[in-house]
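Chemist: Once you've had a glance at the structure underneath, I'll fire off some questions.
The values are calculated or read from the model by the stated rules, or taken from the named source; none is laboratory data. For clarity, every value in this text was computed on a predicted model and none was experimentally measured. Every residue, glycine as well, gets a Cβ built from its backbone with ideal geometry; the counts of neighbours run over all protein chains shown. Side chains are part of the model used for accessible areas, which takes the heavy atoms of the whole protein and leaves out ligands, DNA and RNA. Shrake-Rupley method; radii C 1.70, N 1.55, O 1.52, S 1.80 Å.
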Amino acid sequence: MRTPGDDEDGRDAWSDGVPSFAPGPPASNRDGRLGWPPGDEVRVPVGRFGLTGWLSLPSAARTVVTVTGEGAGGRRGPLGRAVASRLHLCGLGTLTLDLPVDSDPVEHRGADVGGLAARVRAVSHWLGQETGRSVGGVGIGPLVPAMLRAAADESVTALACVGGRPELAGPAALTRVATPALFVVGGLDSRGPGLGRLVSGWMRCPRRVAVVPGATVDLSRGGVPADVAGLVGDWFSEGARNAPRPAGDAGLSAARPD
């Protein structure tokens with residue numbers, strides 16, 4: 001596994017001048033498990049009826065991250081909860097919420113990417129105003145294209161895309177994304193790594209493709225959510241502020257603990 005700062009020819013693979021994070025001190029976790037982060041249920045005034053989310057905001061956190069998904073990737077699902085908990089342990093605030101997506105459950109086609117992106121932008125804008133913190137974003141599954149499309153028009157501090165079909169955001173939007181972006185895909189997903197690298201090739205921002213060994217297209221099963229959460233937590237607390245230059249991307253992998 002390649003480590004931050006290592007490039008094939010020995011040069012520093014991190015770039016200067018990318019948006020930096022200032023996470024607070026890690027939250028305590030007495031039993032070592034990824035439980036539900038402490039916080040409050042909030043009503044986000046987005047859409048006709050609003051959205052219900054779970055806001056966890058450590059007092060020392062200077063960045064709060066939206067964790068947006070549906071089903072297993074949403075606020076009650078194992079993947080969304082694992083990611084939010086890991087970010088909380090890294091000293092970052094989180095807003096975990098569901099955005100309903102009307103699309104094919106496998107291909108994720110047919111979703112109103114533009115409409116969903118507008119809602120993602122509205123959530124980020126509200127969150128920044130309400131908390132006074134900088135805002136980052138995690139898109140899970142069918143919300144990935146919308147998260148990328150939103151980031152093309154309104155920059156967040158950093159971005160992580162877990163699974164999904166990132167190419168559905170469209171090349172025109174992807175070339176405008178300036179936010180450091182991480183793509184997490186399963187090693188046994190027949191298209192995931194290839195799509196991640198294809199989309200990465202369209203982008204001009206600092207970015208990485210992280211492959212979870214042994215994981216399929218469904219990243220919510222077994223011990224995979226913990227692996228995904230670890231990669232996302234590392235990206236937001238360390239990797240995004242030292243993101244690699246676009247001209248020399250380095251791959252990441254998650255080692256499944258024995």
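Chemist: Stokes-Einstein D for the range 131-201 at 4 °C, 1.567 mPa s, Kirkwood Rh over Cα pairs, in µm²/s?
Modeler: Answer from the Stokes-Einstein relation: 107 µm²/s.
Chemist: Rounded to the nearest 0.05, what FRET efficiency do Ser190 and Glu41 have when you use their Cβ-Cβ distance and R0 = 45 Å?
Modeler: Efficiency at R0 = 45 Å is approximately 0.70.
Chemist: How much accessible surface area, in Å² rounded to 10, belongs to the heavy atoms of Leu188 with a 1.4 Å probe?
Modeler: 120 Å²
Chemist: Quick one: 3J(HN,Hα) in Hz for the range 129-139, Karplus 6.51/-1.76/1.60 with θ = phi - 60°, rounded, Gly and Pro as x.
Modeler: 5, 5, 9, x, 9, 5, 10, x, x, 10, x
Chemist: Work out the FRET efficiency for Arg197 and Arg48 from their Cβ-Cβ distance, taking R0 = 22 Å, and round it to the nearest 0.05. Write out the running numbers ahead of the final one.
Modeler: Values: r = 39 Å, r/R0 = 1.76.
The computed FRET efficiency comes out at 0.05.
Chemist: Based on the mean of other beta carbon atoms within 10 Å per residue, what is the order of 146-157, 215-226, most packed first?
Modeler: The most tightly packed comes first, giving 146-157, 215-226.
Chemist: If the chain between Glu130 and Ala60 were fully stretched, how many nm would it gain, using 0.36 nm times the residue separation less the Cα-Cα distance?
Modeler: 23.6 nm
Chemist: Can you tell me, using C-alpha contacts under 8 Å and at least 6 residues apart, the relative contact order of the range 173-219 as a whole percent?
Modeler: 51 percent
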